[in-house]
1. How charged is the neighbourhood of GLN168? Take every other residue with its Cβ under 12 Å from the Cβ of GLN168, and add Lys/Arg as +1 and Asp/Glu as -1.
2. Any chance you could run the full-extension gain for ASN38 through GLU86? It's 0.36 nm times the residue separation minus the Cα-Cα distance, nm to one decimal.
3. Collect residues whose amide H, placed 1.01 Å from N in the peptide plane, falls under 5 Å from the amide H of TYR16; neighbours closer than 5 in sequence don't count.
4. Order these by the 10 Å Cβ neighbour count, fewest first: THR100, THR9, THR54.
5. Among the lysines, which fall within straight-line cross-link reach of LYS4, defined as a Cα-Cα distance under 26 Å, with same-chain neighbours fewer than 8 residues apart omitted?
6. Which of the listed residues, CYS44, VAL61, ASN18, is farthest toward the dipole's positive end in the chain, when Lys, Arg count +1 and Asp, Glu count -1 at the beta-carbon?
7. With point charges of +1 on the Cβ of Lys and Arg and -1 on the Cβ of Asp and Glu, referenced to the Cα centre of segment 3-170, which listed residue (ILE170, ALA27, ASN98) lies farthest in the positive direction of the dipole?
8. Evaluate the charge dipole of the chain about its Cα centre and quote only its size in Debye, nearest 20, assuming +1 on the Cβ of each Lys and Arg and -1 on the Cβ of each Asp and Glu.
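What follows is calculated from the coordinates using simple rules that are stated; it is not laboratory data. Remember, predicted model here, so these are calculated numbers, not experimental data. Because the Cβ atoms are built from the backbone with ideal geometry, glycine has one as well, and the counts that use them run over all protein chains shown.
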Amino acid sequence: MDYKAFTITAHGSQKYGNDPYLVHLQAVQDKAREFTDNEEILACAFMHDILEDTNATEAEVIALVGPNAYLVIQCLTDKPGKNRRERHLNTYWILRQNVTALFVKLCDRWCNQQNVIDTNNSKLIQMYRKEYMEFKFALYGNMHEGTQVNQWIQILWGQLDAQYQSMQEIL
């Protein structure tokens, strides 16, 4: 089974808003594809929520995409915490240590923010707007200066900032 079929099956009937979860997974992969055709990175983008939101095992994911991609996906998986903020803060420091995971996370965040803007979901716009500065403070930096992925990350930060401005103007 290829990683896409496995991931779609693992997410089962989960929804992303009113859409099948596949819509979100494909959007994140498509966003990553704007920057790269690296299959390992694209697989990580498509599978970014598999450990967090399904019963997929480490062994299954490694068998599909290998140990390096598994490590990236593991970095993207929210760590335990008593609420959304604490889970994210417990995860962000790990993301900062893996440039590929940070890149995929920014693609994921871009897709989430764009979705709430497109659907004009005022509750989620408020949530993303409220947490954006903490998100950026926790993850922004030039830890991997000079790398191709870092150039992509800088472009994504510019796009995320523009979305944040849009969200500021909506409400």
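1. Result for the local shell: 0.
2. Gain in length upon complete extension: 14.1 nm.
3. For TYR16, whose amide H was placed from the backbone, the distant partners under 5 Å are TYR21.
4. THR9, THR54, THR100
5. Filter leaves LYS15, LYS31, LYS79, LYS105.
6. Ranked along the dipole, the leading option is ASN18.
7. Highest projection toward the positive end goes to ILE170.
8. 640
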